[in-house]
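What follows is a single structure, written as structure tokens, with notes after it.
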Amino acid sequence: MAKSEIQTKKYSEMTKQELMQEKEALKAQYKKYQGMGLNLNMARGKPCREQLDLSMGMMDTLNSDADLSCEDGTDCRNYGVLDGIHEAKVLIGAMMENKPENIIIYGNSSLNVMYDTVSRAYTHGIMGNTPWCKLDKVKFLCPVPGYDRHFAITEYFGIEMIPVQMTPTGPDMDEVERLVKDDESIKGIWCVPKYSNPQGYSYSDETVRRFARLRPAARDFRIFWDNAYGVHHLYDGSQDYLIEILEECKKAGSPDLVYKFSSTSKITFPGSGIAAIATSLNNLEEIKAQLNYQTIGHDKVNQLRHVRFFGDLAGIKAHMKKHAAIIRPKFEAVLETLERDLEPVGIGSWTNPKGGYFISFDAPDGCAKAIVDKAKKAGVTMTKAGATYPYGKDPHDSNIRIAPTFPSLTDLKLAMDIFTVCVRLVAIDKLLEECE
């Protein structure tokens, strides 16, 4: 909406007549947007074309004349090297803040690694414990709002998901500690510890240390630490810092407690990056035993391509600054629109992350599904309401994940104008219902 059209009186302070007048003005604006025949998609956190273009040079690092041998003489064109070439382990280890010997390099998807990790525990158990498929009940803790694809994995395996409220410093650790202390059926917890999906929160030092000091009743309890956005900063001078979980677990005397995941999916090419797990030597030994049956080795040519393209961690950081320059204006545009259109009328709340891929928006209770539906009818596709909760059920029907990265800046601004009109219309309808 144009600035001159913005209502400066809070909706909660308006009379019924004033709300009706405001609704009519918004309906006219909404009808205008509907007539534009738009098709704007903000459903998923995908890199835009300009971000993908940043990695095109990687396609030139190897050609038919290139030496495809590693420093140790390994021919990357052939079979072998189950846990990844050493150079890739050094590069990704530096990005993950872990030693190469604690890392396995996989294929193109960290989500696939997480699925495999759950599947292995389900069919074969963890370190001699009973396979989860043979237990009467298996439960997982799920910080909410959270990542829908995490929840989809555990739901697929029939694992009961227990919501735990997220805070700006991480999951409610009092609740986490209480739940795992006496319940042997709780086998794990999903975590996105830095620039979390969808809020963009980063866990505090205290939260990380409390995770490391957990003493779960289940001996096969594991923290699934998905550090997907470890280097995805929006700003040079203002960045969140996350202390390293494997080292904290080692200090706390629980070195086997955590599986840590990462990938280059939103660094180079989603679907053509490299993924990794970092964990204790005991955990790695068990994982490699299973991998021996699953593969003879992942794509070493792609691993070598990434190593040659980046060189070292400094190369990754320089590359991510270019990403930030592209997407930072998009995050700022979203926040500016929310502040301009919704703050004056006192509707909704939202996060202001320093990195990652999402902004979390909370509408008034009972409004999220209606807002997403109304936006869709005006040509703007959002993430499905409820997706940030297990089983797609947001008990408050309030959370909406905003994904700013994929649309062009022009399309994004238009989409956000439409979104805020939808938020205001649905909020007014709710207030009018309460007046009756």
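The values are calculated or read from the model by the stated rules, or taken from the named source; none is laboratory data. Worth saying up front: this structure is predicted, and the values here are computed from it rather than measured. Cβ coordinates were reconstructed from backbone atoms using ideal geometry, including for glycine residues, and neighbour counts include every protein chain displayed. These accessible areas exclude ligands, DNA and RNA; they are computed on the full protein's heavy atoms, side chains included. Shrake-Rupley method; radii C 1.70, N 1.55, O 1.52, S 1.80 Å.
Checking the stated criteria, K16 turns out not to satisfy the condition of being under 30 Å from D411 (Cα atoms) and either surrounded by fewer than 16 Cβ atoms within 10 Å (Cβ to Cβ) or not small (G, A, S) (or both). Filtering the stretch 147-176 to residues that are closer than 17 Å to S204 by Cα and of a type outside the set (S, T, Y) leaves V164, Q165, M166, P168, G170, P171, D172, M173, D174, E175, V176. Contact annotation: residue pairs with Cβ atoms under 7 Å, 6 or more positions apart or on different chains, pairing a residue in the stretch 38-58 that is on the phi < 0 side of the Ramachandran plot with a partner that is part of a helix (DSSP H, G or I) and open to solvent by 80 Å² or more (accessible area, probe 1.4 Å), are L54/K322.
Exactly one condition in (1) exposed (fewer than 14 other Cβ atoms within 10 Å of the Cβ); (2) part of a loop (DSSP other than H, G, I, E, B) is false for L82; which is it? So L82 meets the others, but not (1).
Give the residues of the stretch 85-100 that are assigned to a loop (DSSP other than H, G, I, E, B) and open to solvent by less than 30 Å² (accessible area, probe 1.4 Å), sorted by residue number.
Here is the first cut: in the stretch 85-100, the ones assigned to a loop (DSSP other than H, G, I, E, B) are 85, 97-99.
If the condition is that a residue be assigned to a loop (DSSP other than H, G, I, E, B) and open to solvent by less than 30 Å² (accessible area, probe 1.4 Å), then I85, N98 are the ones that fit.
For the stretch 172-191, the candidate set comprises residues that are in contact with a Pro (Cβ under 8 Å, 6 or more places away or on another chain) and under 14 Å from F224 (Cα atoms); within that set, the residue that is surrounded by the most Cβ atoms within 10 Å (Cβ to Cβ) is C191. So which residues in the stretch 50-79 are open to solvent by 30 Å² or more (accessible area, probe 1.4 Å) and part of a helix (DSSP H, G or I)? E50, L52, D53, M56, G57, M59, D60 - these are the residues of the stretch 50-79 that are open to solvent by 30 Å² or more (accessible area, probe 1.4 Å) and part of a helix (DSSP H, G or I). If you go through the stretch 330-359 and keep only what is closer than 18 Å to P407 by Cβ and among the small types (G, A, S), you end up with A333, G356.
Would you confirm whether any residue within the stretch 190-208 is of a type in the set (S, T, N, Q) and touching an Asp or Glu at 6+ places or on another chain (Cβ under 9 Å)? Working first, answer last.
The initial filter retains those residues of the stretch 190-208 that are of a type in the set (S, T, N, Q), namely 196-197, 199, 202, 204, 207.
Remaining after also requiring touching an Asp or Glu at 6+ places or on another chain (Cβ under 9 Å): 197, 202.
Yes, some residue in the stretch 190-208 is of a type in the set (S, T, N, Q) and touching an Asp or Glu at 6+ places or on another chain (Cβ under 9 Å).
Could you list all residues from the stretch 192-205 that are within 24 Å of A43 (Cα to Cα) and either of a type outside the set (G, A, S) or surrounded by fewer than 18 Cβ atoms within 10 Å (Cβ to Cβ) (or both)? Selection gives V192, P193, K194, Y195, N197, P198, Q199, Y201. With a requirement of 3 or more residues that are modelled with pLDDT of 95 or more and exposed (fewer than 15 other Cβ atoms within 10 Å of the Cβ), the helices (runs of 4 or more DSSP H) lying completely within the stretch 278-355 that satisfy it span 281-294, 313-341.
Quick grid of which residues meet (1) closer than 23 Å to M320 by Cα; (2) among the charged types (D, E, K, R); (3) open to solvent by 10 Å² or more (accessible area, probe 1.4 Å):
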site	(1), (2), (3)
E247	no, yes, yes
A252	no, no, yes
F269	yes, no, yes
I274	yes, no, no
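Could you list, in sequence order, all residues of the stretch 173-192 that are under 18 Å from the mean Cα position of the chain (by Cα) and within 22 Å of P395 (Cα to Cα)? Break it down into steps so the answer makes sense when it comes.
Of the stretch 173-192, the ones under 18 Å from the mean Cα position of the chain (by Cα) are 188-192.
The answer is I189, W190, C191, V192.
Would you please name the residue that is farthest from P216 (Cα to Cα), looking only at residues in the stretch 107-130 that are assigned to a loop (DSSP other than H, G, I, E, B) and open to solvent by less than 10 Å² (accessible area, probe 1.4 Å)? Lay out the reasoning, then the answer.
From the stretch 107-130, those assigned to a loop (DSSP other than H, G, I, E, B) are 107-109, 125-130; that's our starting set.
Going one step further and asking which of them are open to solvent by less than 10 Å² (accessible area, probe 1.4 Å), we end up with 125-126.
Details: G125: 16, I126: 14 Å.
Of everything passing the filter in the stretch 107-130, G125 is farthest from P216 (Cα to Cα).
In the stretch 29-49, the residue that is nearest to A324 (Cα to Cα) out of those that are part of a loop (DSSP other than H, G, I, E, B) and open to solvent by 60 Å² or more (accessible area, probe 1.4 Å) is K46.
Which count do you get for residues in the stretch 294-346 that are among the polar types (S, T, N, Q) and closer than 16 Å to F269 by Cα?
Matching residues across the stretch 294-346 total 2.
Within the stretch 379-416, being of a type in the set (G, A, S), open to solvent by less than 20 Å² (accessible area, probe 1.4 Å) and not in a loop (DSSP other than H, G, I, E, B) holds for one residue alone: A415.
Looking only at residues of the stretch 131-165 that are assigned to a loop (DSSP other than H, G, I, E, B) and in contact (Cβ under 8 Å) with a residue 60 or more places away in the chain, we find that the one that is most open to solvent (accessible area, probe 1.4 Å) is Y147.
Would it be correct to say that A324 is in contact (Cβ under 8 Å) with a residue 24 or more places away in the chain, more than 27 Å from D394 (Cβ to Cβ) and of a type in the set (G, A, S)? Spell out the reasoning first.
Numbers: in contact (Cβ under 8 Å) with a residue 24 or more places away in the chain: yes; more than 27 Å from D394 (Cβ to Cβ): yes; of a type in the set (G, A, S): yes.
Judged against the criteria, A324 is a match.
Considering each residue of the stretch 260-267 in turn, at least one proves to be in contact with a Lys or Arg (Cβ under 9 Å, 6 or more places away or on another chain), open to solvent by 10 Å² or more (accessible area, probe 1.4 Å) and part of a loop (DSSP other than H, G, I, E, B). Here A403 does not qualify as touching a residue at least 12 places away in the same chain (Cβ under 8 Å) and touching a Leu at 6+ places or on another chain (Cβ under 9 Å). Annotation: L246 fulfils all but one of (1) closer than 30 Å to L214 by Cα; (2) without any contact (Cβ under 8 Å) to a residue 12 or more places away in the chain; the unmet one is (2).
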